[in-house]
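Student: So that we are looking at the same thing, I have put the structure below in structure tokens.
The values are calculated or read from the model by the stated rules, or taken from the named source; none is laboratory data. Keep in mind it's a predicted model, so treat the numbers as computed, not measured. Here the Cβ positions follow ideal geometry from the backbone for every residue, glycine too, while neighbour counts run over all protein chains shown. Heavy atoms of the whole protein, side chains included, go into the accessibility calculation; ligands, DNA and RNA do not. Shrake-Rupley method; radii C 1.70, N 1.55, O 1.52, S 1.80 Å.
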Amino acid sequence: MNNERKETFIEYLKQKKTKTELLILTLFYVCVYFLISSWYPFPDVYSDSWNYMLNAQRDTYAVYRPVGYSHVLQFIHGFSDSIRAIFTFQLLALYLSNAVLIFSLKYIFNINGIAGYILSAAVVLSPCAIYMSNMIMSDSIFASLTCLFLTCVVWVLYRPKLYWLYLPIPFILFLILNIRFSGLFYPVLLIPFFFVNNKKMFWVPSLFVLISVMFFNVYNKKQMKQMTGVNTVLGGFGGWQWANNALHIIPHVKVDANKIKKYEHQVLHQIVMQDTAFIAKTLARRPATAEFMWDKESPLKKYLYQYMNTTGTPYMSAWVKAGIEMEEYGKDLAKQHPGAYLKYYVWPSSKSFFAADLGVISQFDGLKPDPKDEWFFEYYSLDKNQDFGSTNDVFKSFFSKFLSGGNLFLWILTFISLGIIAVFFKKLDLNAAQKKIFIFLIAFSILYCGFTIIATSTEIRYIIPVTPIQYLLIILAVLNTGYVLKGSRQKKEKA
């Protein structure tokens, strides 16, 4: 491993071994396409999938989730009304984004030979990422866009004077923000690295990033105002999340009701305290959960129904308005008992992140549309009497057995590698630009993990965007450990 390549990136891509590897990568994804299409003739779905498709078909705005993925479904439908086209598009996006990220990282960090092949294989051979590309959920597109985002930022940090490299970032960022709220920290992370990268001109790309965020804000506020009459960006989702998370401490602490001043919060707290048995039972089954947001028997849902009855507000508007009240209530509970919040929500959520539940990956049981949903059959030109099941149970019977344990093992290797690199950081065989990129990728991973842990209970699909960074970290740790040990031996021999 050397500091920097002598050839340009284009010259690197034209090399025979690079073209051969790209050909193998392409053939692999072609094989995956035909195998998955054979085993799973129809995409997997989850409860959210139907909302995404319905919003795409009706061209309406969703208050529960960002609307971007429904627009993606509309875009795909513009080319083909076959539901299989969703898998084709998402697998193609996964292939292209993985390819540009892999070859960019291998070029920039000068990773060659067996180490380079291992990095490529590890990123590509991800059962979770492949499976999610055949699911009508935003995870696959979000992960692909994140790969493109990371690739662009990595190149900007590597070649700060090539200003055209900055141009795709605001556009990709706007797409990410409209696909998943998990991308909200991305622009916050960018600006300090832009400053370090180019102190004189950092304000130019920073301005474009802020404009991108502003467009996201204005667009979503306008849509939310039209749908619900409420002037908000996140549609109350953050409030529901705050209240859901705060309920984790209820069975373990005594909340001082006198500190709850607002009438709406007092009403909500009264309903919560009447349902402590339900909360305890739910948490006994799953210590970190988002069920309080969606279960019709949860105190949060009961508050919503009471709010609707007392105010006469329609469901969508009430969901948003109730969410705004819940946010203040949830934050108040967390502030009253910060230690309990860390112990009974953040810690279990952290454990569920690093030993993530399989979630939807283990639940495939055929598409099973409701025969009454005429809009679905018409939109995707399907016969309601046909078989929507799978022909192979490979993910349930084989891959799902290894994914959770494999994910925990990968995190253990990641932390060991991070420790090794931290010890040898000053001696690493990395130039200034490479170290800057490395620090950015670590910062991104830490913020992504932290944001995900705080935001919700975790399934393994949420970890897909940081997996390539984990493999890079492990490869760099191994290579640089060898470099440092070799340098130490040479010094001893000279002495």
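Student: Skipping prolines and chain starts, which residues have an amide H placed within reach, meaning under 5 Å, of the one on residue 44, given they are 5 or more residues away or on another chain?
Tutor: Residues meeting the criterion, in which the H sits 1.01 Å from N, are 135, 136.
Student: Cross-link candidates for residue 384: which lysines have Cα within less than 24 Å, leaving aside residues fewer than 8 places away along the same chain?
Tutor: Result set, ordered by chain and number: 368, 372.
Student: Follow-up question, since we're still on this one. Round to the nearest 10 and report in Å² the accessible area of residue 439, as given by a 1.4 Å probe over the protein chains' heavy atoms.
Tutor: Residue 439 exposes around 80 Å² with every protein chain in place.
Student: Also, I was wondering about something else. Taking the Cα centroid of region 416-461 and of region 166-208, what is the distance between the two, rounded to the nearest whole Å?
Tutor: Cα centroid of region 416-461 versus Cα centroid of region 166-208: 18 Å apart.
Student: Sorting check: for 18-24, 349-355, 177-183, which peptide has the highest mean count of neighbouring beta carbons within 10 Å, and how do the rest follow? Numbers along the way, then the final one.
Tutor: On the way: 18-24: 13.3, 349-355: 18.4, 177-183: 22.7.
Order by mean packing, descending: 177-183, 349-355, 18-24.
Student: List the lysines whose alpha-carbon lies under 26 Å from that of residue 302, not counting same-chain residues fewer than 8 positions away?
Tutor: Here the lysines satisfying the reach criterion relative to residue 302 are 225, 254, 259, 261, 262, 281, 321, 331, 335.
Student: Grab the beta carbon distance between residue 378 and residue 37, set R0 = 30 Å, and tell me the FRET efficiency rounded to 0.05. Please report the intermediate quantities before stating the final value.
Tutor: Working: r = 23 Å, r/R0 = 0.77.
After rounding, the FRET efficiency stands at 0.85.
Student: Would you please give the residues with an amide H less than 5 Å from that of residue 357, counting only those at least 5 places away or on a separate chain, with H modeled from the backbone geometry?
Tutor: The answer is 460.
Student: How big is the convex hull of the Cα atoms of region 163-237, per residue, in Å³?
Tutor: Looking at region 163-237, the number lands at 83 Å³ per residue.
Student: Would you calculate the convex hull of the Cα atoms in region 223-308 and tell me its volume per residue in Å³?
Tutor: Working: hull volume 9.3 nm³, N = 86.
Normalising the Cα hull of region 223-308 by residue number yields 108 Å³.
Student: Normalise the Debye intensity by I(0) for the chain, one equal point scatterer per Cα, no solvent, then take log10 at q = 0.05, 0.11 Å⁻¹ and round to two decimals.
Tutor: Scattering profile of the chain, log10 relative to I(0): -0.22, -1.04.
Student: In addition: In Å², what does the accessible area per residue of the chain work out to with a 1.4 Å probe? Present the calculation step by step, with values, prior to reporting the outcome.
Tutor: Details: 23100 Å² over 495 residues.
I get 47 Å² per residue for the chain.
Student: Next question, about the same structure. Could I have the simple spin-label model distance between residue 112 and residue 273, label points 7 Å from Cα toward Cβ, reported in nm to one decimal?
Tutor: It works out to 7.1 nm between the two label points.
Student: While we're here: If ligands, DNA and RNA are left out, what is the accessible area of residue 213 with a 1.4 Å probe, given in Å² to the nearest 10?
Tutor: Roughly 40 Å² of residue 213 is accessible to a 1.4 Å probe.
Student: For residue 92 and residue 331, what is the calculated FRET efficiency with R₀ set at 35 Å and r taken between the beta-carbons, to the nearest 0.05?
Tutor: Efficiency at R0 = 35 Å is approximately 0.25.
Student: Relative to the longest principal Cα axis of the chain, at what angle does helix 84-108 sit, 0 to 90 degrees, rounded to 10?
Tutor: The angle comes out at about 40 degrees.
Student: Same structure, new question: Any idea what % of Cα-Cα pairs in region 117-183 are farther than 13 Å? It would help to have the intermediate numbers written out before the result.
Tutor: Numbers: 1515 of 2211 pairs.
Of the Cα pairs, 69 percent sit more than 13 Å apart.
Student: For the chain, what is the mean residue ellipticity at 222 nm derived from helices alone (per DSSP H run of n ≥ 4: -39500 (n - 2.57); sum divided by total residues; nearest 500 deg cm²/dmol)? Before the final figure, lay out the partial values.
Tutor: On the way: 23 runs with 332 residues, N = 495.
The helix-only estimate for the chain comes to -22000 deg cm²/dmol at 222 nm.
Student: Still on this structure: Quantify, in whole percent, the carbon and sulfur part of the accessible surface of the chain (1.4 Å probe; protein heavy atoms only). Could the numbers behind the result be given before it?
Tutor: On the way: 14930 of 23100 Å².
That fraction is 65 percent.
Student: Alpha carbon centre of region 36-65 versus region 219-293: separation in Å?
Tutor: Going from one Cα centre to the other spans 26 Å.
Student: Relative contact order of the chain: what whole-number percent is it, with Cα pairs under 8 angstrom and at least 6 residues apart? Mind dumping the intermediate values first?
Tutor: Values: 574 pairs, mean separation 101.1, N = 495.
Relative contact order comes out at 20 percent.
Student: Test of the criteria: in region 226-262, which trypsin sites (Lys or Arg not before Pro) are in a DSSP loop and have at most 11 other Cβ atoms within 10 angstrom of their Cβ?
Tutor: Details: sites: 254, 259, 261, 262; in loops: 254, 261, 262.
In loop regions of region 226-262 (DSSP not H, G, I, E or B), the sparsely surrounded trypsin sites (Lys or Arg not before Pro) are 254, 261.
Student: What is the mean projected area of the alpha carbon convex hull for region 429-478, to one decimal in square nanometres?
Tutor: Details: hull surface 14.9 nm².
With every direction weighted equally, the projected area is 3.7 nm².
Student: Where does region 205-257 land on the Kirkwood hydrodynamic radius, alpha-carbon pairs, in angstrom?
Tutor: On the way: mean 1/r = 0.0732 Å⁻¹.
This gives a value of 13.7 Å.
Student: To continue, here is another question. Looking at the P(r) of region 60-191, how many percent of alpha-carbon pairs lie beyond 26 Å?
Tutor: Percent of Cα pairs beyond 26 Å in region 60-191: 29.
Student: Please compute the Cα-Cα pair-distance distribution of region 14-64 with 5 Å bins starting at 0, giving whole percents from short to long.
Tutor: 4, 16, 13, 11, 11, 12, 12, 9, 8, 4, 0
Student: Further question on the same structure: For residue 273, what accessible area in Å² do you get when you roll a 1.4 Å probe over the heavy atoms of the protein chains, rounding to the nearest 10?
Tutor: 80
Student: While we're on this one: Quick one: putting +1 on the C-beta of Lys and Arg, -1 on the C-beta of Asp and Glu, what dipole do you get for the chain around its Cα centre, in Debye to the nearest 20? Don't skip to the end; give the middle numbers.
Tutor: Working: 48 positive and 31 negative charges, 469 e Å.
It comes to approximately 2260 debye.
Student: Relative to the present Cα-Cα distance, how much length would full extension add between residue 311 and residue 74 at 0.36 nm per residue of separation? Walk me through the numbers before you get to the answer.
Tutor: Working: separation 237, 0.36 × 237 = 85.32 nm, distance 3.53 nm.
Between residue 311 and residue 74, full extension yields an extra 81.8 nm.
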